[in-house]
Amino acid sequence: MSNNNAQRDELHKAIWRIANDVRGAIDGWDFKQYVLGALFYRFISENFASYIEADDESVHYAELDDSVITPEIREDAVKTKGYFISPSQLFVNVVQSANDNESLNTDLAAIFTAIESSANGYASEDDIKGLFADFDTTSNRLGHTVADKNTRLAAVLKGVGGLDFGDFHSNSQIDLFGDAYEFLISNYAANAGKSGGEFFTPQSVSRLIAQIAMHKQTSVNKIYDPAAGSGSLLLQAKKHFDNHIIEEGFFGQEINHTTYNLARMNMFLHNINYDKFNIKLGNTLLNPHFGSDKPFDAIVSNPPYSVKWVGSDDPTLINDDRFAPAGVLAPKSKADFAFVLHALSYLSSKGRAAIVCFPGIFYRGGAEQKIRKFLIDNNFVETVISLAPNLFFGTTISVNILVLSKHKTDTATQFIDASGLFKKETNNNVLVDNDDPENPGHIQKIMEAFDTKADTDHFALSVSFEDIAANEYNLSVSSYVEPKDTREVIDITELNAKIKGIVKRQIELRTEIDSIVAELEGAEA
């Protein structure tokens, strides 16, 4: 194991230890915002101090008096970083006196308010507002007395303050912060069942989706997730595209307020500046943002499976630009195809959308069949990939990835059966990511098939438009890719020879038995 990986593993163990030791009787999922919030508070403090110091070893921002900060310095900082933190408000200074501070909880609340309000009236206001809303330092969940609250808050701050992230000026240190944040979210999701898993896409699946959405694009104008969750899909795209250009940044919309805050924090923790991301709160299907920002060259999404929506109860929706082309709305009880059509309408002519989908939408009749017909007749479906079961937190279902494209060069649709590609781990299966050509990982095998569009027995098949239409627009992978017959192959000639041998031996045994019986009967006579 490399030193970096060893450091990362030790860091993760330490973080999870803090999360479990400090929370006491508080439910882990409810407690997550305090550990995540403390990690975020430390990150932006160190990030801000590093910006002010500007590699000048003679400047130690945390040691300065607040009074030396001029209005000009403050304004310049907010315009650049999106927020301002006074020296006295820095994480390191608050932690230093945390155990002895009898007003720690109210002091923290005031600091968080000050950081958020520092952006008021500036371009970053919407990106900063409410970031600390879920870090409620006065909540009774922390304890029933002020002293109890302060004890637990101090323990969280001290624990996070003791984590070794190395030198903040190095990129690897910043990566550790972002990676630690995602580690925490994924662990909370894994331990929270459906409540946490519904908005978290496991990293291995996120990597696959990001690679599909940006396949062979040397640059994209911007990337978008219409059901952004904690932002993990967008951030995997950033990691995959480090050597390329995402020109106008990262866009996403999320309906859950707590998760929306997680996503914005996640952007900052991965060192994406406020002017390079735009995460909005709201219902994507009924109140979509970014209509004036479309189209997007890359769209990634893991929308909620089969959620209810207003559908045909709102007669105006059938005239919505996103849904009107299909001529029908997704069923009220299953909004899956509403998210698909939304993504399609936001997709550019050169881009791809990679969307995690519930398998039922690919074979059911009614409105869903009509929407599939629209997608196939207009040649928007590039590939359907079936994944292994138990890859996601909170569900064992074998989900699919639907790949949409507006620049296909033929009318065939590719089907990939990747249900056999997985590595079993303690609670969930994972996709292995391994670039070694001699021993390619699961992600590489899927991407190779996706790239070449080559047919492979029991794995990948491109199917003509005519065959799909004749099959009533069924898009289930199992309808086209024949599964491998794992039954034992029987050699009939060899089996017949064995049977002959058995029959011959039976005759011999009967003859011997008859002879013995005859002898016994003769002896009795």
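The values are calculated or read from the model by the stated rules, or taken from the named source; none is laboratory data. Being a predicted model, the structure only gives us computed values, none of them experimental. Every residue, glycine as well, gets a Cβ built from its backbone with ideal geometry; the counts of neighbours run over all protein chains shown. What goes into the accessible areas is simple: the full protein's heavy atoms, side chains included, and nothing from ligands, DNA or RNA. Shrake-Rupley method; radii C 1.70, N 1.55, O 1.52, S 1.80 Å.
When you restrict to C-alpha pairs under 8 Å that are six or more residues apart and normalise by the size of the chain, the relative contact order lands at 11 percent. Working from label points 7 Å from Cα in the Cα-to-Cβ sense, the SER349 to ALA497 distance is 6.7 nm.
Rg/Rh for the range 251-407 stands at 0.95; both radii use Cα atoms, and Rh follows the Kirkwood definition. Shown is the FRET efficiency for ASP148 and VAL432, computed with R0 = 56 Å from the Cβ-Cβ distance and rounded to the nearest 0.05: 0.80.
A full extension of the chain between GLU53 and GLU448 corresponds to an added length of 137.6 nm, given 0.36 nm per residue minus the alpha carbon distance.
If Lys and Arg each add +1 and Asp and Glu each add -1, what is the summed charge of the other residues whose beta carbon sits under 13 Å from the beta carbon of LYS332?
Here the charged neighbours net out to -2.
Among PRO303, HIS12, TYR224, which residue has its Cα furthest toward the positive end of the charge dipole of the chain, with +1 on Lys/Arg Cβ and -1 on Asp/Glu Cβ? The residue sitting farthest along the positive end of the dipole is PRO303. Close Lys pairs in the range 311-375, defined as Cα atoms under 21 Å apart and 8 or more places apart or on different chains, number 4. Annotation: extensible slack from ARG505 through ALA62 equals 150.1 nm (criterion: 0.36 nm per residue apart, minus Cα-Cα distance).
Determine the alpha carbon to alpha carbon distance for each of LYS408/LYS453; LYS239/LYS408; LYS32/LYS158; LYS222/LYS280; LYS216/LYS445; LYS222/LYS294 and list only those over 18 Å. Those over the limit are LYS239/LYS408. For the chain, the longest principal axis of the C-alpha atoms and the axis of helix 492-524 are separated by about 50°. Per residue, the solvent-accessible area of the range 397-525 (1.4 Å probe, heavy atoms of protein chains only, all protein chains present) comes to 68 Å². Taking the alpha-carbon centroid of each part, what is the distance from the range 263-328 to the range 90-104 in angstrom? The range 263-328 and the range 90-104 have Cα centres spaced 41 Å from each other. Converting the Cα gyration tensor eigenvalues of the chain into ellipsoid dimensions via √(5λ) gives semi-axes, longest first, of 54, 33, 21 Å.
Volume per residue, Å³, of the convex hull around the alpha-carbon atoms of the range 20-162?
111 Å³
What's the angle, to the nearest 10 degrees (0 to 90), between helix 367-377's Cα axis and the longest principal axis of the chain? Orientation of helix 367-377: about 90 degrees from the principal axis.
With a 1.4 Å probe and all protein chains left in place, how much of the accessible area of the range 318-411 comes from carbon and sulfur atoms, in whole percent? Result for the range 318-411: 52 percent of the exposed heavy-atom area is carbon or sulfur. Remark: spin-label model distance THR409-ASP293 equals 3.2 nm, labels positioned 7 Å along the Cα→Cβ axis.
If a spin label sat at a point 7 angstrom from the Cα of LYS308 along the line to its beta carbon, the backbone N atoms of the range 236-270 nearer than 19 Å would be those of 255-256. The C-alpha atoms of the chain define a longest principal axis, and helix 171-192 lies at about 60 degrees to it. Ordered from longest to shortest, the equivalent ellipsoid semi-axes for the range 213-310 are 22, 15, 12 Å, each the square root of 5 times a Cα gyration tensor eigenvalue.
Other residues with beta-carbon under 13 Å from the beta-carbon of ASN471 carry, at +1 per Lys or Arg and -1 per Asp or Glu, a net charge of -1. Charges were assigned to the Cβ only: +1 to each Lys and Arg, -1 to each Asp and Glu. The resulting dipole of the range 317-372 about its Cα centre is roughly 140 debye. A Cβ-based charge dipole, computed about the Cα centre of the chain with Lys and Arg at +1 and Asp and Glu at -1, lands at about 1280 debye.
Distance between the modelled labels on LYS332 and ILE318, one decimal in nanometres: 1.4 nm (7 Å Cα→Cβ projection). Ranked by the mean number of other Cβ atoms within 10 Å of their residues, highest first, the peptides 138-146, 377-385 come out as 377-385, 138-146. Shown in residue order for the range 103-110 are the 3J(HN,Hα) couplings computed by the Karplus curve 6.51 cos²θ - 1.76 cosθ + 1.60 at θ = phi - 60°: 10, 4, 5, 6, 5, 4, 4, 5 Hz (x for Gly and Pro).
Reported value for the range 238-285: 84 Å³ per residue, from the convex hull of its C-alpha atoms. Translational diffusion of the range 106-154, estimated by Stokes-Einstein from the Kirkwood radius over alpha carbon pairs at 37 °C in a medium of 0.692 mPa s, is 278 µm² per second. Distance distribution P(r), the range 391-525, all Cα-Cα pairs, bin width 10 angstrom from 0: 9, 23, 21, 12, 9, 9, 8, 6, 2, 0 percent. At full extension, LYS424 and SER97 could sit 113.1 nm farther apart than now, given 0.36 nm per residue minus the alpha carbon distance.
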